[in-house]
Amino acid sequence: MLVNGKWTAEWHPVQATDEQGGFVRQISSFRHWVTPDGAPGPTGDGGFIAEADRYHLYVALICPWASRTLIARKLKGLEQLISVSVVEPQLTDEGWHFGDFPGADRDTLNGAEYLHQLYTRADGGFTGRATVPVLWDKKTGTIVSNESADIVRMLNSGFGTLADNSLDLYPAALRGQIDALNAQVYPRLNNGVYRAGFATTPESYREAYHDVFAMLDELETRLTDGGPWLFGNALTEADIRLFVTLIRFDAAYHGLFKCNQRQLRDFPALNGYLLRMLELPGVRETVSIAHIKAGYYSIKALNPNGIVPVGPDMRAYGFQD
């Protein structure tokens, strides 16, 4: 991680632990917002006005949080306005690296070799982990935000008429319900799989494991009784947040993270839901099973020999690798 702008230690997946040995995720550090008129958003400073070709996303295709932003960018029709760079999937001793792994990029915008160099360019005294996604402002040469939930919402509404507003991922009439569902799904499933995978005590692992499958059962019931989306016919940010975990479940979380009670294909409603999400224009393009497996299985703490499994068979979802 970075301490006062200097890289000080090899990358490690366990960011912090609680008193029970449970995984604790770092809070995002940059929380500014792009808005249609450049006014301040809910957090941070103003001055980040919506403009074409001003902003750039740095992402990892392994990362579910980064993939949220890629999907929102696609669904809101912002591909031509916001450029993208993809880091390599393997986690190096200095964190995310730009390079030549198939489907990854060199950083032609800022010339960084490692993502952490962008953090110190934005803040020379930065202390913390250099995470994806990063929304970068080309005009001022700084980070707007590294919080995926915020970035998804600013992609939804912060670009005004520059975006496709036929789809509202956070409609006013559903905001309370969306927030309530997110508040359940995030700790128990989105982050629950990480709590299981990076637990350092049997007790914290079991708690996370049971949270994951209890939440999956609740979502299975919800989609069996309703659908096609989590809020009936309204596709919302809650669907994006769920999808990015589901698409990684069999390929990474079931085996490497020891969430092995059942596979996703054992949940008929969730399985059908995943297929519907993949059929949305542009969503499949944000998924790389090769990056997902190469990335997760490069985590030395969980897979010291670095062997990437041949399976699972993802052909039912249209993926050959």
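The values are calculated or read from the model by the stated rules, or taken from the named source; none is laboratory data. A quick note: this is a predicted structure, and the numbers were derived from the prediction, not measured. A quick note on method: Cβ atoms are made from the backbone with ideal geometry, for glycine too, and the neighbour counts reach across all protein chains shown. Heavy atoms of the whole protein, side chains included, go into the accessibility calculation; ligands, DNA and RNA do not. Shrake-Rupley method; radii C 1.70, N 1.55, O 1.52, S 1.80 Å.
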Mean accessible area per residue over region 100-159 (1.4 angstrom probe, all protein chains present, square angstrom) is 37 Å²
Largest first and rounded to whole Å, the semi-axes √(5λ) derived from the alpha carbon gyration tensor of region 72-170 read 26, 16, 12
With -39,500 (n - 2.57) per DSSP H segment of 4 or more residues and division by the full residue count of the chain, the 222 nm estimate, nearest 500 deg cm²/dmol, is -9500 deg cm²/dmol
With all protein chains present, the chain has a carbon and sulfur share of its accessible area (1.4 Å probe) in percent of 50 percent
Excluding residues fewer than 8 positions from K139 in its own chain, the aspartates and glutamates with Cα under 14 Å of it are E51, D53
The lysines whose Cα lies under 25 Å from the Cα of K293, excluding any fewer than 8 residues away in the same chain, are K74, K258
Heavy-atom accessible area per residue of region 205-279, all protein chains kept, 1.4 Å probe, expressed in Å², is 36 Å²
Taking every other residue with Cβ under 12 Å from the Cβ of V185 and scoring Lys and Arg +1, Asp and Glu -1, one gets -2
With Rg from the Cα atoms and Rh as the Kirkwood inverse mean 1/r over Cα pairs, region 69-109 has an Rg/Rh of 1.05
Magnitude of the Cβ-charge dipole (Lys and Arg +1, Asp and Glu -1) of the chain about the Cα centre, nearest 20 debye, reported as 120 debye
Compactness summary of the chain: radius of gyration and Dmax from Cα atoms, Å, are 18.9, 52
Taking the alpha-carbon centre of each part, the distance from region 253-321 to region 55-82 in Å is 19 Å
